[in-house]
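Engineer: The structure is given below, and queries will be raised subsequently.
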Amino acid sequence: MSTIPEIDRELCIGSGNCVHLARGAIELDDEGVATIVDGTSATPAQLQQAERSCPTGAISVLEVDH
Amino acid sequence: MTPAGWPSVPRAVDDTRPREVIVVGGGTAAHRCAVELRRDGFDGKVTLASGESQPPYDRTLVSKDMLADHTADAVALSERCEYERWDIDLRLDLRAECVDRDSRVVGLSDGSTERYDRLALCVGGRPVVPPELDAPGVIVLREAEHAARLRKGMVAGRHLVVIGGGFIGGEVATAAIRSGLRVTLVEAAAQMLEPILGDLVGARVAQLHRDNGVTVRTGTPANAVSSKGDGFEVSLADGAVVDADIVVLGVGMAPNIDWLDGSGLCLDKGVVTDEYCQSSADNIFAAGDCARWWHPDYGELCRVEHWDTAGRHGAAAAKAILGNQQSFAPLPFFWSDQHGVRFQWAGHAPSWDDIRIEGDAPDCFVARYFRSGRLAGVFVVGQPRVFARARRELVETASTRR
């Protein structure tokens with residue numbers, strides 16, 4: 001089972017909460033839109049916090065069975 | 001562009017590289033300022049002095065998850081170990097009490113003084129508590145401990161009265177209904193959110209609350225709150241007297257600037273800054289809810305109480321401190337979650353000439369606010385993707401104005 005974050009670029013407004021909450025998994029790109037840089041560097045709980053704190057609902061955290 | 005009334009003698013802007021930066025505050029502006037200093041390569045001393053007992057956390061959850069869920073702790077914006085990793089001296093339970101601009105010293109609540117090359121004021125605001133409503137046990141929401149206190153009292157069947165029909169009031173009402181309490185919301189204006197969004201939109205928000213079981217009383221301020229037995233008696237201007245087990249006040253906030261009286265800083269409903277976050281004193285910057293900054297797109301001083309804006313503001317102050325100043329011209333944005341519906345606002349519309357609303361349902365509609373024929377703001381309920389498009393429309397409108 002792994003936790004995979006997804007970012008909806010249309011909804012993202014570049015607030016940047018996720019950059020800090022997801023501990024290195026997410027950065028803002030040159031357009032100021034959140035992008036996954038390393039999905040493994042944050043724990044599932046941290047990714048869920050990033051999902052919860054996103055002000056536009058742009059982050060989805062999926063639980064995937066291998 | 002500098003605010004009207006700015007010192008007419010140009011400030012002697014300090015071009016020397018700072019070696020010590022003190023950031024005062026415990027919210028997102030303070031956190032972002034400190035972190036961005038390091039991310040932008042500053043290697044001098046950074047102190048983050050917060051008056052709270054825990055590191056900066058997501059304050060927006062104080063009126064949301066932290067009321068809904070008994071297990072919800074504060075969500076720290078960065079863990080303590082990360083402040084160590086960045087070599088940010090995080091000092092808690094420490095308030096700034098005075099500033100000596102000439103000596104560049106800030107006095108702190110433990111009696112110590114700290115010298116700074118640059119000072120960032122990110123002290124936010126405090127809930128307004130009118131004396132006539134200030135009975136012992138009345139709850140205001142600002143900090144994690146307030147949420148914990150309120151959550152403890154939210155037992156099913158109790159009657160909660162929330163005074164104030166703004167976003168705090170709406171979210172408290174939401175959490176209380178979800179927890180099985182009886183809820184009465186009291187709003188002085190003709191409708192909930194009327195001062196910010198007008199009465200048409202306000203009426204829909206009030207309807208959403210009524211549809212979810214909240215008793216909404218508008219057009220009547222609360223005149224007094226007094227203790228009665230284990231609870232309270234709330235007296236309304238329309239003559240009604242309402243008994244309550246819990247009273248929550250959500251009647252606005254004021255910037256935390258009283259302690260700066262006598263500092264010589266230009267203060268006017270906030271710490272006044274130019275578009276680069278610089279106050280009237282060189283070497284002192286301000287960001288977040290306490291700051292009233294010159295917004296170049298709107299040609300006026302702005303102070304907003306928005307989480308998203310505050311974080312960006314802290315980062316902008318960090319850049320200005322390092323000499324990489326950029327004009328701080330964000331598109332104001334805020335959101336609120338009420339009865340399972342997301343409200344989203346973007347834009348700047350302290351007044352408007354016209355509002356156009358699409359959609360009939362109280363939990364699904366779009367309201368566009370126009371000033372002088374131009375789209376100035378959008379308020380979208382229950383449609384995040386529509387909001388995203390409307391917000392982009394506003395961004396384009398703002399950029400054509402420059």
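The values are calculated or read from the model by the stated rules, or taken from the named source; none is laboratory data. Please read these numbers as outputs of a predicted model, since none were measured by experiment. Neighbour counts run over all protein chains shown; Cβ positions are idealised from the backbone, glycine included.
Engineer: Take the residues in the range B:276-304 that are charged (D, E, K, R) and at pLDDT below 95, then tell me which one is surrounded by the fewest Cβ atoms within 10 Å (Cβ to Cβ). Working first, answer last.
Structural biologist: Of the residues in the range B:276-304, the ones charged (D, E, K, R) are B:282, B:289, B:292, B:297, B:300, B:303.
Retained after the next criterion (residues that are at pLDDT below 95): B:282, B:297, B:300.
Working: B:Asp282: 16, B:Asp297: 17, B:Glu300: 13.
The qualifying residue surrounded by the fewest Cβ atoms within 10 Å (Cβ to Cβ) is B:Glu300.
Engineer: Scan B:His295, B:His313 and give me the residue that is of a type outside the set (A, V, I, L, M, F, W, C) and either out of contact with any Gly (no Cβ under 8 Å at 6 or more places or on another chain) or not assigned by TED's automatic domain parsing to the domain that holds B:Leu119 (or both).
Structural biologist: Values: B:His313 fails: either out of contact with any Gly (no Cβ under 8 Å at 6 or more places or on another chain) or not assigned by TED's automatic domain parsing to the domain that holds B:Leu119 (or both).
Unique residue meeting the criteria: B:His295.
Yes/no per residue for (1) in contact with a Phe, Trp or Tyr (Cβ under 7 Å, 6 or more places away or on another chain); (2) at pLDDT 95 or above; (3) among the hydroxyl-bearing types (Ser, Thr, Tyr):
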| position | (1), (2), (3) |
| --- | --- |
| B:Gly323 | no, no, no |
| B:Trp352 | yes, yes, no |
| B:Gly359 | yes, yes, no |
| B:Tyr369 | yes, yes, yes |
| B:Thr397 | no, no, yes |
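Engineer: Shifting gears a bit: Suppose the filter is free of Cβ contacts under 8 Å to residues at least 24 places away in the same chain, more than 14 Å from chain A (Cβ to nearest Cβ) and out of contact with any helix residue (DSSP H, G or I) (no Cβ under 8 Å at 6 or more places or on another chain); does B:Gly323 pass it? Step through it out loud before you land on a result.
Structural biologist: On the way: free of Cβ contacts under 8 Å to residues at least 24 places away in the same chain: no; more than 14 Å from chain A (Cβ to nearest Cβ): yes; out of contact with any helix residue (DSSP H, G or I) (no Cβ under 8 Å at 6 or more places or on another chain): yes.
Criteria not met by B:Gly323.
Engineer: Something else now. Considering only the range B:312-329, state which residues are assigned to a loop (DSSP other than H, G, I, E, B) and surrounded by 22 or more Cβ atoms within 10 Å (Cβ to Cβ). First the steps, then the outcome.
Structural biologist: Initial filter on the range B:312-329 (assigned to a loop (DSSP other than H, G, I, E, B)): B:322-329.
Once the filter is applied, which keeps residues that are assigned to a loop (DSSP other than H, G, I, E, B) and surrounded by 22 or more Cβ atoms within 10 Å (Cβ to Cβ), the range B:312-329 yields only B:Phe328.
Engineer: Got a sec? Which strands (runs of 3 or more DSSP E) wholly within the range B:130-246 have at least 2 residues that are more than 21 Å from B:Phe334 (Cα to Cα) and in contact with a helix residue (DSSP H, G or I) (Cβ under 8 Å, 6 or more places away or on another chain)?
Structural biologist: Here the list reads B:159-163, B:182-186, B:222-228.
Engineer: Next up: How many of the residues in the range B:133-162 are of a type outside the set (Val, Ile, Thr) and either assigned by TED's automatic domain parsing to the domain that holds B:Asp69 or under 24 Å from B:Cys290 (Cβ atoms) (or both)? Break it down into steps so the answer makes sense when it comes.
Structural biologist: Going through the range B:133-162, the residues of a type outside the set (Val, Ile, Thr) turn out to be B:133-137, B:141-154, B:156-160.
Those still in the list that are either assigned by TED's automatic domain parsing to the domain that holds B:Asp69 or under 24 Å from B:Cys290 (Cβ atoms) (or both) too: B:133-134, B:141-147.
Residues meeting the conditions: 9.
Engineer: How many residues are under 20 Å from B:Ala281 (Cα atoms), crowded, with 20+ Cβ neighbours inside 10 Å and out of contact with any helix residue (DSSP H, G or I) (no Cβ under 8 Å at 6 or more places or on another chain) when one looks only at the range B:12-46?
Structural biologist: 1
Engineer: Restricting the range A:19-47 to residues that are buried (at least 19 other Cβ atoms within 10 Å of the Cβ) and within 11 Å of chain B (Cβ to nearest Cβ), which is modelled with the lowest pLDDT?
Structural biologist: A:Arg23
Engineer: Kindly provide the set of residues from the range A:1-16 that are out of contact with any Pro (no Cβ under 6 Å at 6 or more places or on another chain) and within 7 Å of chain B (Cβ to nearest Cβ), ordered by number.
Structural biologist: Let us first name the residues in the range A:1-16 that are out of contact with any Pro (no Cβ under 6 Å at 6 or more places or on another chain), namely A:1-2, A:4-10, A:12-14, A:16.
If the condition is that a residue be out of contact with any Pro (no Cβ under 6 Å at 6 or more places or on another chain) and within 7 Å of chain B (Cβ to nearest Cβ), then A:Glu10, A:Ile13, A:Gly16 are the ones that fit.
Engineer: Is it true that some residue in the range B:193-203 is within 21 Å of the chain's Cα centre (by Cα), surrounded by 24 or more Cβ atoms within 10 Å (Cβ to Cβ) and either without any contact (Cβ under 8 Å) to a residue 60 or more places away in the chain or farther than 30 Å from B:Pro350 by Cβ (or both)?
Structural biologist: The answer is yes, given that some residue of the range B:193-203 is within 21 Å of the chain's Cα centre (by Cα), surrounded by 24 or more Cβ atoms within 10 Å (Cβ to Cβ) and either without any contact (Cβ under 8 Å) to a residue 60 or more places away in the chain or farther than 30 Å from B:Pro350 by Cβ (or both).
Engineer: To continue, here is another question. Count, please, the residues in the range B:364-402 that happen to be part of a strand (DSSP E or B), over 13 Å from B:Val341 (Cβ atoms) and within 14 Å of chain A (Cβ to nearest Cβ).
Structural biologist: Result for the range B:364-402: 1.
Engineer: Does the range B:92-106 hold any residues that are more than 22 Å from B:Ser53 (Cβ to Cβ) and acidic (Asp, Glu), and which are they?
Structural biologist: Listed by number, the residues that qualify are B:Asp100, B:Asp102.
Engineer: Given the condition charged (D, E, K, R) and in contact (Cβ under 8 Å) with a residue 60 or more places away in the chain, answer yes or no: does some residue in the range B:344-359 qualify?
Structural biologist: The answer is no, given that none of the residues of the range B:344-359 is charged (D, E, K, R) and in contact (Cβ under 8 Å) with a residue 60 or more places away in the chain.
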